[in-house]
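Following: one structure in structure tokens, then a few remarks.
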Amino acid sequence: MTKYMIFHVPNHLDPQRMSGSHIRPFRMKEAFEAIGYEVDMISGYKDERKRAMEKIQEKINRGIHYEFCYSESSTMPTELTESHHLPTTFGLDFGFFKRLKKRGIPIGLFYRDCYWLFDEYKEATSFLKGQLAIRFYKRDLKKYKELVDILYLPHESMAKHLPISYDKVSSLPPGIDELEEGKTTPIPPLELFYVGGMTGHYNLEMIFSIVSQMDKVHLTVCTRASEWSKVKERYKKYLAKNIEIIHGDKTVYRPYLERADLGIIFTEPTEYWDFAVPVKLFEYLRYGIPVLGNPFTATEKIIEKAGFIVDYDEKSLKDQLERILKSPNILEAKKKSVMEFRKEHLWTKRAEKVERELKNIR
């Protein structure tokens, strides 16, 4: 018997964009299909979403039974996702949720970020634009309280930062779509790899500083050229022959990823990292690469099982890297742990969790 579900995303998705907000919905849709669902998708700009909603309503009227609706929020407020960012979709998406609720169809929504609650958002956004956006972000949260059965978060600790409390929240971090076998290379050099942002909450100065002092360690950083241009002056003093900066998508950085010994998520702890769970963590795990991270972050417990947690100070970081250089068997043992542990974090496991929890709402 065919299983049906609704997948809702209130914005246009670009499969060519490498950001987590665009990658994740595609991966989750594929995961739901992989566990046996026929997925009716709602995404795109206003007219596309409206047509998709009407088709689903027709199916419901014909007797099609939808097990649940799963939604992924945009990084923008739900009603400001048109290309002009004006609220011309007011009531469209939440009106659809209201109709589903009346039909008894459970709704789960993944709320990806609350960056707008932090000072950095206000500093990076003009006053008028920021005030408008914040008003609509707050409206989103109120509507979730009213209409959503389970609010999914990257990590449950994010809930304490939200100005509204919810009856049921559940962690739903990123996942792994398929498992790859990384290529091991002799040590030294110890190959470190980082992919991702370099601005805002991503402060990598300490890892740059320590690697620049260690001839037997090599660091490759893949980041957008536009971000590197903003921070290049700050990092210039650390650049050495054993630090390489590259730009590009996975076709560019995959060879570096395959030969990496450690994936890096070692950044200055801030309140934001209390709940942020970056996609790069699971990219490293996909290739069986142990991860180097620091405590007081949402990823700490995962990294403890799949890598090394090191205090955020230069001595601790340097000591850990030197221990691995002296005893490569430490790294090999951790790689074996990663190979097993990563199976628990496939995208299909995330889809199964959503299915299990939303079907229990009835």
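Let a ≥ b ≥ c be the square roots of the eigenvalues of the Cα gyration tensor of segment 1-111; is it rounded (a/c under 1.5), or, if not, prolate (a/b larger than b/c) or oblate?
Values: a/c = 1.97, a/b = 1.22, b/c = 1.61.
In terms of gyration-tensor shape, oblate.
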Pairs from Lys280/Lys336; Lys168/Lys359; Lys336/Lys359; Lys50/Lys102 whose Cα-Cα separation, in the structure shown, is over 26 Å: Lys336/Lys359
Can you find, among Asn61, Phe32, Ile6, the residue farthest towards the positive end of the dipole of segment 1-111? Put +1 on the C-beta of Lys and Arg, -1 on that of Asp and Glu. Asn61
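Rounded, prolate or oblate, given the Cα gyration tensor of segment 192-351, with a/c below 1.5 counting as rounded?
Values: a/c = 1.38, a/b = 1.20, b/c = 1.15.
Rounded, since a/c falls under 1.5.
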Dipole in debye (nearest 20) - segment 253-362, about Cα centre, beta carbon charges: Lys, Arg +1; Asp, Glu -1: 680
In debye to the nearest 20, how big a dipole does segment 54-122 give about its Cα centre with +1 on each Lys and Arg Cβ and -1 on each Asp and Glu Cβ? 560
About the Cα centre, and with charges only on the beta carbon of Lys, Arg (+1) and Asp, Glu (-1), how big is the dipole of the chain? Nearest 20 debye, please. 880
Solvent-accessible area per residue for the chain (1.4 angstrom probe, square angstrom): 47
With every protein chain in place, the accessible area of His12 for a 1.4 Å probe, in Å² rounded to the nearest 10, comes to 80
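For the chain, what is the calculated [θ] at 222 nm in deg cm²/dmol (nearest 500), taking -39500 (n - 2.57) for each run of four or more DSSP H residues and dividing by its residue count? Please report the intermediate quantities before stating the final value.
Working: 13 runs with 151 residues, N = 362.
Calculated at 222 nm, the ellipticity per residue is -13000 deg cm²/dmol.
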Heavy-atom accessible area of Lys237 with all protein chains present, probe 1.4 Å, nearest 10 Å²? 150
Which residue, Arg62, Arg99, Arg139, has the most motion in a Gaussian network model of the chain that connects Cα atoms within less than 10 Å? Arg62
Set Lys and Arg Cβ to +1 and Asp and Glu Cβ to -1, take the dipole of the chain about its Cα centre, and tell me which of Met158, Leu92, Pro173 lies farthest positive. Leu92
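What does the C-alpha gyration tensor say about the overall shape of the chain? Classify as rounded when a/c is under 1.5, otherwise prolate if a/b is larger than b/c, or oblate. Could you put the intermediate results ahead of the total?
Details: a/c = 2.22, a/b = 1.67, b/c = 1.33.
Verdict is prolate for the chain.
The values are calculated or read from the model by the stated rules, or taken from the named source; none is laboratory data. Please read all numbers here as calculations on a predicted model, not as lab measurements. Quick reminder, even Gly has a Cβ in these numbers, built from the backbone with ideal geometry, and neighbours come from all protein chains shown. When the accessible area is computed, the model is the full protein with side chains, heavy atoms only, and any ligands, DNA or RNA have been set aside. Shrake-Rupley method; radii C 1.70, N 1.55, O 1.52, S 1.80 Å.
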